[in-house]
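The block underneath contains the structure these notes are about, expressed in structure tokens.
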């Protein structure tokens, strides 16, 4: 099969959707399929290249994340570039990613024009935590895009049951909806870990935008440091909130405890030296980062939203907290750092779960079967 992947962001841009798409491309090629990725040139890179046998074509684009508040972009040339790719690559299937991405809209238009079987993956769950004028506008966009996707996609994949239910709630036909969870390349993340040898290091990995919740973690830091003066907070990732977070750190005399590491391509060394992985998101999907953390043997604290509670059984495979509550987050981190046995049990149970349920060897056949299903129909 020839599969055209469409996503606004892709390698070398780092993020959850980017990793899911990259890993899926690698698996497809490994199983004998041909893959082309159409994406936007954010940040600026080669317009055309071959990476790991994946053909990548990039259209000029402009990142609007700072304006919208969710990861998003615009591109004037993407429609014309996409038409060229369709005529040149001649895909059997178009697979678009993320309801809010421009390339998903372009993919729907390509389906309408060229009648190519099309799949869309929803990577984001409920937006109920978003409020105000911006929240209202984002939900309007979500509703309109759901209508367009439902009309043009032959199949809609969600990473978890909650994501699928949210998709149906906003207008996706239940008969088109299936669940395929995210997966990780377990051998890549496997490592030896000595829990007692680590200092008190808390790690956040993600885009520094409001819905990822980095601001909630940094607000919790003062209370944690009162209990653990040597605690270190590692913020891995970049984004429009970085300067604001750095200013907050200075104003509240937290500079000695907080490090902003920017974008890091290989996360394994940093994850190995950490004690706790924190995901304080306000909105989320089926969090790839949680699976990565579990695969390295890190205990996980995450907000009780979207797909997280389908991975985390509270008190067994991780620790769940309410969203947008820095006090509860601080209490959770203090609890784990104060209770080494509890911390280690969460970590070991999480590792056991990801090894049994979220390995690519187990998840990949679901994609293969889905592609063949829509081609046969």
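Readers should treat all values here as calculations from the given coordinates under stated rules, not as data from a laboratory. Every value quoted in this text rests on a predicted model; they were computed, and no experiment measured them. When we count neighbours, we look across all protein chains shown, and the Cβ atoms used for this are built from the backbone with ideal geometry, even at glycine.
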Handout entry: Max mean-square fluctuation residue, GNM over the chain, Cα-Cα springs under 10 Å, options 41, 182, 227
Key = 227
Problem - Acute angle (nearest 10 degrees) that the helix 326-338 long axis makes with the longest principal axis of the chain, alpha-carbon atoms - result: 60 degrees
Completion exercise
Tilt, helix 340-357 to longest principal axis of the chain (alpha-carbon atoms), in degrees rounded to tens, equals 20 degrees
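Tell me, what are the semi-axes, in whole angstrom and largest first, of the equivalent ellipsoid of the stretch 186-357 as set by the roots of 5 times the Cα gyration tensor eigenvalues? Each step should come with its number before you reach the end.
Numbers: eigenvalues 102, 59, 51 Å².
Semi-axis lengths for the stretch 186-357 are 23, 17, 16 Å.
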Fill in the blank from the handout: Per its Cα gyration tensor (rounded if a/c is under 1.5, else prolate when a/b beats b/c, else oblate), the stretch 92-185 is best filed as oblate
Practice task
Any chance you could list the semi-axes, whole Å, largest first, of the equivalent ellipsoid that the Cα gyration tensor gives for the stretch 122-245, using √(5λ)?
Solution key: 36, 22, 11
Completion exercise
Candidates 187, 43, 117; GNM for the chain (alpha-carbon contacts under 10 Å) flags as most fluctuating 187
Fill in the blank from the handout: Sorted largest first, the Cα spans of the stretch 162-221 on the principal axes come out in Å as 51, 34, 17
Problem - Residue of 352, 87, 176 that the Gaussian network model of the chain assigns the largest fluctuation, springs spanning Cα pairs under 10 Å - result: 87
Problem - residue 348/residue 273 FRET efficiency (R0 22 Å; Cβ-Cβ; nearest 0.05) - result: 0.75
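Assuming 0.36 nm per residue, please report the length gained on full extension of the stretch residue 375 to residue 194 beyond their Cα-Cα distance. Working shown, then result.
Details: separation 181, 0.36 × 181 = 65.16 nm, distance 4.87 nm.
Stretched out fully, the residue 375 to residue 194 stretch lengthens by 60.3 nm.
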